[in-house]
1. What distance in nm separates the simple spin-label points at B:Ile35 and B:Leu213, each placed 7 Å from Cα in the Cβ direction?
2. Partner chain Cβ atoms within 10 Å, averaged over the residues of B:136-146 - can you pull that number for me?
3. Hey, can you rank B:343-351, B:119-127, A:153-161, B:63-71 by average C-beta count inside 10 Å, highest first?
4. Rounded to the nearest 500, what is the protein assembly as shown's calculated 222 nm mean residue ellipticity when only DSSP H runs of at least 4 contribute -39500 (n - 2.57) each, over all residues?
5. If I take every Cα pair under 8 Å that is 6 or more residues apart in segment A:237-355, average their sequence separation and divide by the length, what percent do I get for the relative contact order?
6. How far apart, in nm, are the 7 Å Cα→Cβ label points at B:Thr233 and B:Leu323?
7. GNM on chain A, C-alpha springs below 10 Å: top fluctuator among A:Arg22, A:Arg151, A:Arg211?
8. Do you know the relative contact order of segment A:159-250, to the nearest whole percent, from alpha carbon pairs under 8 angstrom that are 6+ apart?
Amino acid sequence: MATTYHEDGASGVATGRDALGRWIGRHPIAALAIAVAVIFVLWLVLAPWPAGFEDVFGKKRLFINALFNGITLGGLYFLVATGFTLIFGLMRNVNLAHGSLYLFGGYMGYEAGELTGSWLFSYVIAFIACAIVGIAMQFLIFRRMEGQDLRQTLVTLGLSIIFSDLMVWVWGGNAIQIDTPDYLMGPTATPIVVAVKSGGDAVFLQYPRVRLVIFAAAVFIGIAMWVALNRTRVGVMIRAGVDDRDMLSVLGYRVQLLFILVFAFGAGLAGMAGIVGGTFQSISLGEDSHFLLASLQVVIVGGMGSIPGAALGAIIIGCAEQFGLVYFQNYATVLTFLIMVVVLALRPQGLLGRS
Amino acid sequence: MALAETTGIAPLGTQDLQRSGALSRLATQHAPILILGLLLVILPTIASDFILVQVVGWSMILGIIALSLMFLAGYGGMVSLAQMTAAGVSGYMITVFGASSLPAISLFWPWWLAAPIAIVIAVAFGTLTGVLSSRTEGIYTIMITLAIAAAFFYLTLQNWPIFNGFAGFTTIPAPIAFGINWKHPIPLYYLILFFAALSYAVVLYISRAPFGLALQGVRDNPRRMEAIGYNVTAHRVAAYSFAALIASIGGILMVWVNNQISPGSAGVEASIDLLIIAVVGGLGHPIGAFVGAIIFVLLRTFALDALVSVGLDGRRFQTLIGLGFLVIVLFSPDGVIGIWRRVATRIGASNGRTTR
């Protein structure tokens, strides 16, 4: 609901419904197409496939797995990209060191996990560690060059080079896997039929529990952020700052404090995402640029500075990557790239961004 | 207009004045460049093959590609991270259409056919980049071009039918043309020198030609240029095409010198290195690209030994580069040539004369 997020937040839900209605009224064909597509995908997921389908899409198990992997990967991308887009929206700072923060959070979480043995506690450590780095960056450097977009970006670039080299120094070049805690180990049965046995018994999808739990956590964080942005005083200040930073500071609000807060929060989220990434896959040298790229694509597709846009973009990019891996291995990145091109051609400001 | 005064680019109003001064002025103003050019021409008589190709030649190639970035960023105000990618596209294409050790992919067409095709494809790629990034403005450019560069990197990494995955291509010989084997260090060096000088001169020329001036107008105030009838988007896209042309020449030379190309050659890190080169050298003048490149290559070649000799860990080379880059960005936004100019002005002032 990008529209609601940008409009008057005091009556969020009501305007949300209105805005959706208005949008449908204005674009009836697009709305119909989206509704049909959603129903079609739901049917694809829930119903057992007719015979002809498997010839086109391959095994249903593959399709469903790609979809689930894509959506859960989207949850991870959302955690990374949402900080990136908040920092960009409020401070006009393209933080190219965001990938380094992700990697740093992963390493710190790994160390904390090794030390205390608690997976949940490592999130706290990663959040705090990255938030401190973020605060230092904003307080020591970016505060001094406000309004100079390009210079700030170049500084983040320099920082990302130094960070990644220092991290190689400390943690080496080998991939590190963060262990999934016992209570999240193993698969969970889902009510989704992936195949029907010759005897007529339905085979249900088994999916790793940890990925489902983490996706749920990402959704929870997303909703919490939406509520915070729309219902709290700080949220109102942040939205006002995204709209007009100068006006906000003229009105006597402490913009610098707000900047530090947002930078710390965005960096901390990236750090927590590092642990998620380390649990899903692994963390290693080069993952920083991988997740920086993912954040860029998510933000370009979803709309710059928009949290709902980051959510939509993250799901799209995550699914595109996973489906690309399953259906056209040699050209998987071309698919995400093409999505970006199409979005830029049709809506340069991103799907949920404002022009 | 400190830029124009000290480097001999005439500001608009003084162009007629300058013409009357003619040759003697030209000689004195361009003395450093002329001396440098002479030095580069006679370098093969004194330098070893390693210095010739791997240090000076490689610097000039990086300089050519950085020059394309300098053109876009300095004159067009568009900081593109996809210039190394444009070079990579032409580098890959010359191996796909030309010769390599992979007969399954390479078509083994002669160089006079393969090189122009590679350049045309790279220019098309650059134009597409321009069309895409001109859709948005300002700081978005850096995000979109970085995303494009990264997408190309992952494409080359994953794609086997055309780009041969992470292995890339090896044993790519420079051609034998006009009876000269361009693989040998001295002909190769002169080939690079020729194209470096040519692209430098062309960029300098275009910066003062109507197109370059209009581009600088677009950089400074797009709305005003639009209002007086210039097509802002067309100028931007054309700048991308021209920059890709220069970068593609650098890309082909890069492949011939390195004798190989792999995803890392045009990866994200290489793109960022290129931006560092251009910014450290200075975006204010074409020579900055080459200054940045020689500094970068000297550091890359000798920093390891230097770091070890003062008792530091030689592997922290990247930190050194990053710190140097930070210092430049924080304290001299116009790069090394900016520092050079300020020093020159101060010396000039203390000698009791101005630089003009």
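Readers should treat all values here as calculations from the given coordinates under stated rules, not as data from a laboratory. Predicted, not measured: the structure shown is a model, and the values here were computed from it. FYI the Cβ positions are ideal-geometry reconstructions off the backbone, even for glycines, and counts take in every protein chain you see.
1. Calculated label separation equals 3.3 nm.
2. 6
3. The peptides rank, most packed first, as B:63-71, A:153-161, B:119-127, B:343-351.
4. Helix-only estimate at 222 nm: -23000 deg cm²/dmol.
5. 21
6. Spacing of the two 7 Å Cα→Cβ label points: 4.7 nm.
7. A:Arg22
8. Rounded, it is 15 percent for segment A:159-250.
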